[in-house]
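Reviewing the structure listed below.
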Amino acid sequence: MDTKTFIIAAVIKIALVVFIMLTGVAYTTWLERKVIGRIQNRWGPTRVGPFGLLQPLADGIKFILKEDLLPDYVHKGLFILAPMLALVMSLISIAVIPFGETITIAGHTTALQISGMISSKGAISDINIGLLIILGVTSIGVYGVALAGWSSNSKYSLLGSLRASAQMISYELSLGLSLVGILLLSGSLSLREIVFSQSGHWIVGGHDTHIPHWFIFPQIVGFFIYLLAAYAETNRIPFDMPEAETELVAGYHTEYSSMKFAMFFMAEYVNMFTVACLASLLFFGGWHGPHLAFLPPLGQALLPVLWFALKVFFFIFLYIWIRGTLPRFRYDQLMAFGWKFLLPLAIANIIITSFIVAWRG
Amino acid sequence: MTKNLHLWVIPVLPLIGAAINGLLGRRFKNTMVSAIALLFTAASFGWAAWAVLQGLQYVNAEHKPYIETVATWITAGTFSAPFGFYLDQLSMIMVLVVTGVGFLIHIYSVGYMAHEGGYYRFFSYLNLFMFFMLKLVLANNYLLMFVGWEGVGLASYLLIGFFFLKDSAANAGKKAFIVNRIGDFAFLIGMFLLIQHCGTLNFGGDNGVFAQVSKYAPEAGWGWITITALCLMFGATGKSAQVPLYVWLPDAMEGPTPVSALIHAATMVTAGIYMIARSHAIFNLSPHALQIVAVIGCITAIFAATMGLAQTDIKRVLAYSTVSQLGYMFLACGAAAYSAGIFHLMTHAFFKALLFLGAGSVIHAVGGEQDMRRMGGLRKLIPWTFWVVTIATIAIAGIPPFAGFFSKDQILGEVYHSPYGGKVIWGIGVLTAGLTSFYMFRLWFMTFFGELKLGSVDLGEEAHAANAPAQAAHGDASHSHGHADDESHGHGGVHESPWVMLAPLVILAVLSFVGGWVGVPQFMGGHNEVEHFLAPVMESPAVVGEQAAPTVRVLDPSSRPEEKPASEEWLLAGASVAAGLIGLFFAYLLYYKRPELPDRITAKMHGIYMMVLHKYYIDEGYGAIFVKPLLALSTVVLWRGVDQGVIDGLVNGAGSASQGVGGELRRMQSGNIRSYAAWVAIGAAAILGYMIWLGVNR
Amino acid sequence: MVPLSWYLILSAVLFSLGVLGFLLKRNIITIFMSIELMLNAVNLSFVAFANFWNTHLPPGQTSIIPLSGQVFVFFVMVVAAAEAAVGLAIIIAVFRTRETLNVDRVNLLKL
Amino acid sequence: MIIHQVLFIVFGFICVAGAVNLLVQRHPINSALSLVVVMASLALIYLLLGAEFVAAIQVIVYAGAIMVLFVFVIMLLNAGAEERTRGSSVALFVGVPGMIVLAGTVGWLLVHSGGQLGGVTISSSSFGETHQIARLLFKDFLLPFEITSVLILIAIMGAVVLGKREN
């Protein structure tokens, strides 16, 4: 395809993804409040619209309309920069995530991925270090939290951001190492390649076990490490030290209000989405799923996206579920857990996996 | 015969003994220590005897010495000195004498040192000495010989200072060592000359020193051969106590008596003689050197004899007699009668060792007393000792048919005929013989006749002055012996020595009786085995010398047996015997018949007596001439001037200079990281500029 | 098609700025950052040369592995990381005792 | 390929601007952030050079880990704006001229004769691929790799020991 159509397609895809993502975020908040409410034997939002379905809209309007106050004695530039940084970084990481294989609209075939493109030969070329980009971007995202705490010149914020940055640095290690097993098995850093390498079934001893060829099965340990580290990265319960309401008023975004606060909020949820997407891409075969022959062609085309969406939804739900269930760690326990348990476990996982891979040639 | 004799075993055996005793002996019982020492010495003796028997066949068959090279020792450019061993008739005699006498003296020491402290130390040193001495006599080159040479010096130092708690002993040890250094220095220079001119230090071999030297003509003047010979000779004077370096030997009597017998009578002091005899090829080519050797030997003989006259310390008398006998040997060498010298060396080893051991037995008997004036009448009390000492005395006095007679007579005869001897020196020799027999019989009478005067006599002041070291010596020695006696048998009374001491005495007595018979000269109907035995060693260079220079008289004794009329020989022999008898008579007169005479005589000729008593003030003279100026020089110039002034100045100057410079440079080390970075930057700029400059100019 | 010299000039400029920072800044941490800046400048030239050799490698020239330029960058990064860890630890220790981050006040070269 | 040059100029300008900002800013955290900017744009320049993996690592390790560590320490020590002390006149009057000479010479050299060097292009995407780098790193440079791992270990221990409070 020529450059013009490429650019047009890219713009369309970006707009679409951002829209879906932000809507998803909004309704995740709704879902969260509902589920938590049910878990805590409450109703959750019911007033605004049926089942409170318009609640997110109301929240959004409120955020936008509230006065955006800027406290004195804050480091202005950074105070403003921090939330933007957080949100932008979280959004960028979506760019490399493939939601499906390809889709053909009006004769134009394009990849269901912002950073993916179809070469003239029809081969799909993905940016071949997608995973690393995600890791890098998330690691940049730390600045948002750190600077927020620092610039807003308040002890709660500072403590919160100190905790946050320390926690993120610590758990990045485990996060990265937990993915090495996947890389060893798939032999690629491109998310699309990784998903492709999970197609089909596990062949054990020559005969076909009808278990899908997902990496969750060999990498169960890596998966759990990834999950825990990712929760810590996103500052979610049980690792939500940075914004522990009961200890530090609201952690690093104590001083923030209205839209800036909303940015942090959205950033957190987008990050949740990113984590969920990665988990389903790396461990659960991405968009692979059973073929349903009875669907119309369009349905057939969108089926992979559906499977992918289901898996992502599952992980989002898991987030909420855990938040509703588990208590919060103590800070030193958190650090000890990260350094003394997760990290060695991840390393052991890598060693064992590499031996197995080498053995199977 | 290509049989390997493994000569290296002979010296190594005592070394092993020394090592075992020296390292572990502290824990051993005395019996264990002595067993080890004796075992290895005996083994060495046995091996030596075997090697000599085998070597004789070889040497007689091949007409060249047996040379055995174990390993390369030093290689510097073209020069190389191997661990080589050299066995010819000469070294055969030496090896047998050393190991044999050494073994006997070991046995003796077992009894003599029984109650001394540091028993294992003593035997370790003794074995060590054996090792070095055998190395010396078996060495195949001057360098290896020099190692043995120094080694025996070390052993002698250790053994003289054995009672190192006594100042006098320690000082005597140091004196011996230092005086020997002087001689060794000359020896070294001689070796350097040899290296310069011959390029090697090996004795034998086709291009050994002797083979090369024998190509030279005997030089009439003062060429390098003469200088070399004189250097070697000077070294020999140090080791075998000749004028002017004899002074260490009398003091060396501080050591235990067996040491005096082994080292300072039988073996070590003869090393110089051996070295000269070994180097006869060099000496024969230099008339001047031979002349000087002869004169020195003669002077030493007469001087030491006269000094011996007045001594009252029994061991010192023997010491001076040793010096004078060594003078005889030197004289023989000077007269190019090496075989006679070696012959006398052998016999002297027997009877002088016997004398020392006998003296030791006497001292042992009287509980550490060494002053003859306190002795007397011991004839009845220690008959065995008396008889063996009698034999030795007759032997040294040169009365036939005892060993001393033949050797001494042969020396005198050779001297009489030698171009370097002549009538005067012969006369002095005869006089010396008389004096020898006089002081020896004086000792004999004073010790064994008259009545025992232990502790009764108070000695004259001058005696004190004379024998101060000796007094101190037997002062302490008597302590040790005293308690020794208390241990052995409750009372300190006079007693005969145990058999372990007597057995060697008896053996040595037999040897010093018959030992001379191997050298019965022709005119007495014997035919001089020793000369013929040694002839092959001694003749070769002389023959060369004869061909090369008719002007120099041929010096080979064996080549002219009958040119001397027998009557003349008889006359000479008679003269020396007569001298001996006269000495005996005077001694009998003065010290047995009319014991009061000596005091009267000394009173009459007091000056001379004091001079003799004080050994011609030689020690004092050396002290005044050499030691004090040297001390002053070292103190003022070397210590104050060079050491404190120059060296310390340099060192401290360097220190203070670096301090100052550092003090200045310290300003750079501000500790400010940024300044450091600045220096780095400027340095980088400089390097870059240099590289660009290089690139531009390429 | 960018001339190699541009990359080199850029790297030189960054390096010089790093040196200037080292020379002129007082704050230990900032000085540390200038060091990191210099390292980055060097990295840049490494990568540039790696790419350069990849295309301009003379035929038959096997002693040069073009990609090694990029590998060196890893080693530089590793060293930088180690340096940062230790250096920052030192800075913290110094701050504990000296209560200052000004190098001009920390010139004893000891804690 | 003009766009390549344009991109280079843009990012190079950002780099220099960030570096200059690092100098002129008096508060360490501003310097740190500008350094982050420098590193990020350097990563993009690496992408221009076709070294995508290096770029990613640059972002992750430098921007993501090391600089976060810096920021963390700055926050921990609560470092204020630096004070202007007359520390080392040497640095000013020796170092700066030396550095200027250095930079001047190098710059002059590159401007004068840099054209003789060829240029760089965005090469075939296979170059600088992760596989190749990994092969190089674990085959040809195995020993240095292991040694650096040891170095890292030592650094970790040193940091722990240093960070430990006495008592």
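The values are calculated or read from the model by the stated rules, or taken from the named source; none is laboratory data. No experiment lies behind these values; they were computed from the predicted model shown. Here Cβ is always computed from backbone atoms with ideal geometry, including for glycine, and neighbour counts include all displayed protein chains.
For the range B:66-84, residues that are in contact (Cβ under 8 Å) with a residue 60 or more places away in the chain and touching a Pro at 6+ places or on another chain (Cβ under 9 Å) total 4.
Of all the residues that make up the range A:1-44, how many are acidic (Asp, Glu) and at pLDDT below 85? The number of residues fulfilling the criteria is 1. Would you mind stating whether residue D:41 is on the phi < 0 side of the Ramachandran plot, surrounded by fewer than 24 Cβ atoms within 10 Å (Cβ to Cβ) and in a helix (DSSP H, G or I)? Judged against the criteria, residue D:41 is a match.
Got a sec? Which of A:290, A:327 is exposed (fewer than 14 other Cβ atoms within 10 Å of the Cβ), in contact (Cβ under 8 Å) with a residue 40 or more places away in the chain and part of a loop (DSSP other than H, G, I, E, B)? Of A:290, A:327, the one residue that is exposed (fewer than 14 other Cβ atoms within 10 Å of the Cβ), in contact (Cβ under 8 Å) with a residue 40 or more places away in the chain and part of a loop (DSSP other than H, G, I, E, B) is A:327.
For first residues located in the range B:492-520 and assigned to a helix (DSSP H, G or I), partners that are β-branched (Val, Ile, Thr) and at pLDDT below 85 and lie 6+ apart or on another chain with Cβ distances below 9 Å form the pairs B:518/B:530; B:519/B:530. Evaluation of residue B:339 against the conditions (1) assigned to a helix (DSSP H, G or I); (2) farther than 21 Å from residue B:421 by Cβ shows that the sole unmet condition is (2). Considering the range B:573-629, the residues that are aromatic (Phe, Trp, Tyr) and in contact (Cβ under 8 Å) with a residue 24 or more places away in the chain include one that is surrounded by the most Cβ atoms within 10 Å (Cβ to Cβ), namely B:591.
Between B:183, B:151, B:173, the distinction of being within 16 Å of residue B:256 (Cα to Cα) and part of a helix (DSSP H, G or I) belongs to B:173 only. Based on what the data block shows, is residue B:666 closer than 30 Å to residue D:89 by Cβ and modelled with pLDDT under 85? Yes; evaluated as a whole, the condition is true for this residue. Test residue D:25 against the criterion of being touching a Ser or Thr at 6+ places or on another chain (Cβ under 9 Å) and either surrounded by 18 or more Cβ atoms within 10 Å (Cβ to Cβ) or not β-branched (Val, Ile, Thr) (or both), and give yes or no. In short, yes. Within the range B:174-219, the set of residues being among the acidic types (Asp, Glu) and within 26 Å of the chain's Cα centre (by Cα) comprises just one member, B:184.
For the range D:150-167, the set of residues classified as of a type outside the set (A, V, I, L, M) and exposed (fewer than 11 other Cβ atoms within 10 Å of the Cβ) consists of D:164, D:165, D:166, D:167, listed by residue number.
How many residues does the range D:48-72 contain that are more than 8 Å from chain A (Cβ to nearest Cβ) and modelled with pLDDT under 85? Number satisfying all stated conditions: 4. For the residues A:38, A:47, A:42, A:33, the requirement of being among the charged types (D, E, K, R), part of a helix (DSSP H, G or I) and loosely packed, with under 14 Cβ neighbours inside 10 Å singles out A:38. Scan the range A:159-215 for residues that are free of Cβ contacts under 8 Å to residues at least 12 places away in the same chain and outside any helix (DSSP H, G or I) and the total you get is 10.
Report yes if some residue within the range B:652-659 is loosely packed, with under 11 Cβ neighbours inside 10 Å, among the hydrophobic types (A, V, I, L, M, F, W, C) and within 14 Å of another protein chain (Cβ to nearest Cβ); otherwise report no. Checked the range B:652-659: no residue is loosely packed, with under 11 Cβ neighbours inside 10 Å, among the hydrophobic types (A, V, I, L, M, F, W, C) and within 14 Å of another protein chain (Cβ to nearest Cβ). Consider the range B:162-194 and keep the residues that are β-branched (Val, Ile, Thr) and over 16 Å from residue B:230 (Cα atoms). The one that is surrounded by the most Cβ atoms within 10 Å (Cβ to Cβ) is B:179.
Across the range A:1-48, the number of residues qualifying as touching a residue at least 60 places away in the same chain (Cβ under 8 Å), hydrophobic (A, V, I, L, M, F, W, C) and farther than 24 Å from residue A:91 by Cβ comes to 4. Go through (1) at pLDDT 80 or above; (2) assigned to a loop (DSSP other than H, G, I, E, B); (3) touching a helix residue (DSSP H, G or I) at 6+ places or on another chain (Cβ under 7 Å) for residue A:114 and report which single condition fails. So the condition that residue A:114 fails would be (1).
With respect to residue A:100, determine if the residue is modelled with pLDDT of 75 or more and more than 10 Å from chain D (Cβ to nearest Cβ). Taking the combined requirement at face value, the residue satisfies it.
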